[in-house]
Amino acid sequence: MLAIATGSIPARTGAETADIPAWLQQHVGTDEGQIAPIVLQRARALHQRKRREGVVQNPCYLAKDATRPSTSTNGQPNPRFYVICEQSQQFQAVSSGYGNGRSLPRADFSNNRQCARHFSNAEGSKLTMGGTYLTAETRTSFKGYYSQAGQSRPFNRTFLLFDGEGETRNARERAIGGHEAVFLKWQCRGRKPDSAYADEDGYVPYGRLVDYTGGRSNGCTTWSSEVSDDIISLVEGNPTSLYIYPESEDIDAVARAVRSGTSPSEAGLYWNSTCLAAIGEPKFWPKRQLQPIIDEWRRSLPPSEPLVLPICR
């Protein structure tokens, strides 16, 4: 189960936390394990609005801060995804991946492993898009077999779909959602005709599991194996709101402040200071600008041959 975060972090004061319950205020801040004030403010407002509209009944809501680094000071994956249940006074901060992007001939919008600089809502960009979402249905798919303790085991991964609005409204088109930060790297195919997953010739793919907890994704939100099932169980059949920071306006505003020599905090803006120092300034690539570049690159690719895995030995 998701653990309840505790600690003796001093509560923030001022208008930004005036309506935040005291138990939650201790988790508000920019230190590791805390949630930045603007992220919580927007996540709470979204959840309260969706509750009023009758779209959401789930008492818990989700948030993500994609400006934070991938690794904590202790070398472990950095918590930057939040599960907040105000009714039961539960707060959980866990690690999460962000979009890795691409490096194409006409545009390099790739992110490094530690900090995200590029963001976009273009299909095929493999980038994170901040804004408002609702969790939707789940889909579980077979990825292949892997070996564990000398036994062949099937790997099925559950994908939680997101529905967006505004700039995130194409979340379905982009296949944006949340899932466990593990994939199966195919190596060969073996005969297993008794398997429900076997192809018409009785073969199934085999590979090795690759865990990329806290690293980069293809644009989706990813969680560690330890918490993925709990998060999905929390919202499966009982959707809730998800707010991802930063939005396009936040990115553009921080970039303008940096170019003018003003720190974001002086301008009343927020970006994780460690990552801002690493990336220089963030960049948002709007769909109208980036989509034609991606589409042109796709058209330039030679026809791909069907993948045929070698027989396992």
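Quick one: with all protein chains in place, what share of the accessible area of the chain is carbon or sulfur, to the nearest percent (1.4 Å probe)? Numbers along the way, then the final one.
Values: 7210 of 15380 Å².
Accessible surface attributable to carbon and sulfur in the chain totals 47 percent.
Could you tell me which label, among [x] 31, 52, 18, 0; [y] 36, 57, 7, 0; [z] 30, 56, 14, 0, carries the value of P(r) over Cα pairs in 20 Å bins from 0, in percent calculated for this structure?
Computed from the coordinates, P(r) over Cα pairs in 20 Å bins from 0, in percent corresponds to [z].
Is it possible to state the helix-based mean residue ellipticity at 222 nm for the chain, with each DSSP H run of 4+ residues giving -39500 (n - 2.57), the sum divided by total residues, to the nearest 500 deg cm²/dmol? What is it?
Working: 6 runs with 64 residues, N = 313.
After summing the helix terms and dividing by the residues of the chain, the value is -6000 deg cm²/dmol.
Taking the Cβ of residue 218 as the center, what net charge do the other residues with Cβ under 12 Å away carry, scoring Lys and Arg +1 and Asp and Glu -1?
Around residue 218, the charge tally is +3.
Which whole-angstrom value gives the distance between the alpha carbon centres of segment 272-313 and segment 59-137?
Their Cα centres are 17 Å away from one another.
Rolling a 1.4 angstrom probe over the protein heavy atoms, how many square angstrom per residue are accessible across the chain?
Numbers: 15380 Å² over 313 residues.
Using a 1.4 Å probe on heavy atoms only, each residue of the chain averages 49 Å².
Taking a ≥ b ≥ c as the square roots of the eigenvalues of the Cα gyration tensor of segment 177-254, is the shape rounded (a/c under 1.5), prolate (a/b larger than b/c) or oblate?
prolate
Can you give the relative contact order of the chain as a percent, counting alpha carbon pairs under 8 Å and 6+ residues apart?
On the way: 655 pairs, mean separation 66.9, N = 313.
Relative contact order, the chain: 21 percent.
Against the longest principal axis of the chain, how steep is helix 287-300, in degrees 0 to 90 to the nearest 10, with axes from Cα atoms?
With both axes taken from Cα atoms, the answer is about 20 degrees.
Given 50/126; 126/287; 50/283; 185/283; 143/192; 64/185, which pairs have Cα atoms separated by over 21 Å? Could the numbers behind the result be given before it?
On the way: 50/126 28 Å; 126/287 12 Å; 50/283 30 Å; 185/283 31 Å; 143/192 15 Å; 64/185 27 Å.
In this structure, 50/126; 50/283; 185/283; 64/185 lie more than 21 Å apart at Cα.
So what's the net charge close to residue 282: Lys and Arg +1, Asp and Glu -1, counting the other residues with Cβ under 9 Å from its Cβ?
On the way: positive: 117, 283; negative: 250, 252, 281.
Once all neighbours under 9 Å are counted, the net charge is -1.
Label segment 218-313 by shape, choosing from rounded, prolate and oblate, from the square roots a ≥ b ≥ c of the eigenvalues of the Cα gyration tensor; if a/c is under 1.5 it is rounded, and otherwise prolate applies when a/b is larger than b/c, oblate when it is not. List each step's numbers first, then the result.
Working: a/c = 2.31, a/b = 1.34, b/c = 1.72.
Oblate, since a/c reaches 1.5 and b/c is not below a/b.
What net charge is computed for the residues neighbouring residue 184, neighbours being all others with C-beta under 10 Å from the C-beta of residue 184, Lys and Arg scored +1, Asp and Glu -1? All intermediate terms of the calculation are to be shown ahead of the outcome.
Numbers: positive: 143, 157, 185, 208; negative: none.
Here the count lands on +4.
The values are calculated or read from the model by the stated rules, or taken from the named source; none is laboratory data. Predicted, not measured: the structure shown is a model, and the values here were computed from it. Because the Cβ atoms are built from the backbone with ideal geometry, glycine has one as well, and the counts that use them run over all protein chains shown. The area values use the complete protein model at the heavy-atom level, side chains included, leaving out ligands, DNA and RNA. Shrake-Rupley method; radii C 1.70, N 1.55, O 1.52, S 1.80 Å.
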